[in-house]
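Student: Quick one: this structure, given as structure tokens, is what I'll be asking you about.
The values are calculated or read from the model by the stated rules, or taken from the named source; none is laboratory data. Model, not experiment: these values are computed from the prediction. Cβ placement follows ideal geometry from the backbone for every residue including glycine, while neighbour counts extend to all protein chains displayed.
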Amino acid sequence: MEIDDRLLSLMQNPVILGFHLSRVPESERSGVLNSFGTGFLRRFELKGSIDDLLYGIKMVEKALEAAPSNSPYRTSIFNNLGVGLQLRFERMGSMEDLNRAIEANEKAVQSFALDHPVRPMCLSNLASALEKRFERTGSMEDLNRSIEINKQAVQSTSPDHSERCATCLNNLGSALLTRFERTGSIEDVNLAIDTTDQAVHLARDHPSQALCLNNLGTALLMRFEKTGLMTDLDRAIDTTEQAARLTALDHPKKAMYLNNFGTALQNRFERTGSIEDINRAIKTIHQTVQSTPADHPNRGC
């Protein structure tokens, strides 16, 4: 269920939360806590407040404690716990959070029937967490497994669910691009671009469009660095600029999109000597710093 901001803010008060739960049948409390947790996590993704992230994880953990082993909510709880822990890892860098996220995601995948419509997203979440762990540890086993699980997610997703399919395709493209960075395989970067291009098309007018555009731009920039093809660099600038333009100033990913746009402009300046490009790059880098939360680990980079 969707929960409005005012109710979420009230639930941050333990007395109000306790009173609210006392009016809910015991068998439904884990589901209610899970819904509150989901609401906090979604608000964190939109606004970037670390308090929302911490409350979201806390609520989902309480939901898991309240859910008996045969509860119908456990699968969703494991999925949301995995999402929350990975988000906290990305913000704070704790490997314990990432390992717990992978464990929770694996339990969610195992709990869903093979033909359940939500299973592809659980697969995609698991693959994303494995890719993050590769980035920290360098384990090719994690990365290769991430790619195979992403492929399963894409194959299991109905094209009728355009945004869900776009997310799975985007995640597959990201994992392929990560492997390209390690191995230099032109096949991987070509497939990453094709896959992410499909994701952009499917995500049109959806909230995930900016993320898909940013990842397509990143892939094009990497292929340019490998091949020197200027058409890739020009497209990389166009797509990363679109990603930044579509994203609200207070969105937590705004800084990342601006940074990638600035990097692409700087690359073209280095190739062409365009003063316009380097001036735009400098302006974009200033905007990146202003858009980065003060407590973010990359703020000083």
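Student: Please give the number of the condition residue 41 fails out of (1) at positive phi; (2) surrounded by 15 or more Cβ atoms within 10 Å (Cβ to Cβ).
Tutor: Going through (1) at positive phi; (2) surrounded by 15 or more Cβ atoms within 10 Å (Cβ to Cβ) one by one, residue 41 breaks only (1).
Student: List the number of the failed condition for residue 27; all other conditions in (1) closer than 26 Å to residue 255 by Cα; (2) loosely packed, with under 15 Cβ neighbours inside 10 Å hold.
Tutor: (1)
Student: Output the residues belonging to the range 190-199 that are among the hydrophobic types (A, V, I, L, M, F, W, C) and buried (at least 24 other Cβ atoms within 10 Å of the Cβ).
Tutor: 192, 199
Student: Across the range 138-182, what is the number of residues that are surrounded by fewer than 21 Cβ atoms within 10 Å (Cβ to Cβ), among the hydroxyl-bearing types (Ser, Thr, Tyr) and either under 18 Å from residue 211 (Cα atoms) or in contact (Cβ under 8 Å) with a residue 24 or more places away in the chain (or both)?
Tutor: Final tally of qualifying residues: 4.
Student: I would also like to ask the following. Count, please, the residues in the range 46-76 that happen to be in contact with an Asp or Glu (Cβ under 9 Å, 6 or more places away or on another chain) and either surrounded by fewer than 19 Cβ atoms within 10 Å (Cβ to Cβ) or modelled with pLDDT under 90 (or both).
Tutor: 4
Student: Sort out which residues of the range 182-233 are among the charged types (D, E, K, R) and in contact with a Gly (Cβ under 9 Å, 6 or more places away or on another chain), and write them in order of number. Even if it seems obvious, please write down each step before you answer.
Tutor: As a first pass, look at the range 182-233 and keep what is among the charged types (D, E, K, R): 182, 187-188, 194, 197, 204-205, 223, 225-226, 232.
Scanning the range 182-233 gives 182, 194, 197, 226.
Student: Only one of these conditions is not met by residue 261: (1) surrounded by 22 or more Cβ atoms within 10 Å (Cβ to Cβ); (2) closer than 24 Å to residue 143 by Cα. Which number is it?
Tutor: Here residue 261 meets the rest and fails (2).
Student: Still on this structure, I have one more. Could you give me the residue pairs with C-beta distances under 8 Å whose first residue belongs to the range 270-291 and is under 21 Å from residue 253 (Cβ atoms) and at pLDDT below 95, whose second residue is charged (D, E, K, R) and surrounded by 13 or more Cβ atoms within 10 Å (Cβ to Cβ) wherever it lies, and which are 6+ apart or on separate chains?
Tutor: 291/254
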